[in-house]
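Notes for the one structure printed next.
Throughout, read-outs are computed from the coordinates displayed, never taken from laboratory work. Computed from a prediction, not measured in an experiment: that's the story for all the values here. With ideal geometry, Cβ positions are generated from the backbone for all residues, glycine too; neighbour counts draw on all protein chains shown.
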Amino acid sequence: MKREDRTPETAYNVGGESSSASNTLHSSPKWKYDVFLSFAGKDTRLNFTDHLYDALRRGGINAFRDNEGIERGQFISDQLPQAIKGSLCAVVVLSENYADSKWCLEELQTILDCRTNLGQKVFPIFCDVDPSDVRHQRQNFGEALAKHENEFGRNKIQNWRKALSEIGSIAGWTTSESMERGIGTRGQVATIGPST
């Protein structure tokens, strides 16, 4: 099946199983992107996320990555939510400094809103972080939120805590440093990638 012939109902084989109503996304066929990548640039842009992005592209998957998907001269704060909402699914690469970034936390909140309201599929990848540290905001995740509280206030922090708890509770993948160097992206791409 050619990429342009796929619909959301036939496009993605989730979990490596045959495509069926129970494991595919049923929504509008008008997607600008197949996948939105959310990641902390200082942790994974030049290693794991780069390899994942390249593997997705080689697999015929139209992936949004902020350094290539943002139109020059446009406000980033307007473009990121639109790219998320215009994506069939989202891959969230959670790493040590993910919660340090207000942009990452805002993206995550929008991604999870789309999961709830639009049925968007969300695939977390835990890069050298324990999913339970994300879920319970321990280690760097708790420290980052404590730093953000003075600037953004309690309500915003509660929303981000809820988002981190939710993403930490979604079954995903964990990586080691060897995988961040590019080994191991094949499994993630096979699960996210097009079915035949």
| remark: Under the 7 Å Cα-to-Cβ spin-label approximation, residue 162 and residue 139 lie apart by a distance in nanometres of 2.6
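So between residue 155 and residue 171, what do we pick up on full extension, going 0.36 nm a residue minus the alpha carbon distance? Walk me through the numbers before you get to the answer.
Details: separation 16, 0.36 × 16 = 5.76 nm, distance 2.68 nm.
Full extension from residue 155 to residue 171 adds 3.1 nm.
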| message | Using each residue's phi in the range 138-152, evaluate 6.51 cos²θ - 1.76 cosθ + 1.60 at θ = phi - 60° and report the 3J(HN,Hα) Karplus result to the nearest Hz, with x for Gly and Pro. | response | 9, 6, 4, 5, x, 5, 5, 5, 4, 5, 6, 4, 5, 7, 10
| query | Under a plain spin-label model, where a point goes 7 Å from the Cα along Cα-to-Cβ, how far apart in nm are residue 47 and residue 116? | reply | 3.4
| query | What is the set of long-range amide H partners of residue 121 at a cut-off below 5 Å, with H atoms built 1.01 Å from backbone N? | reply | 90
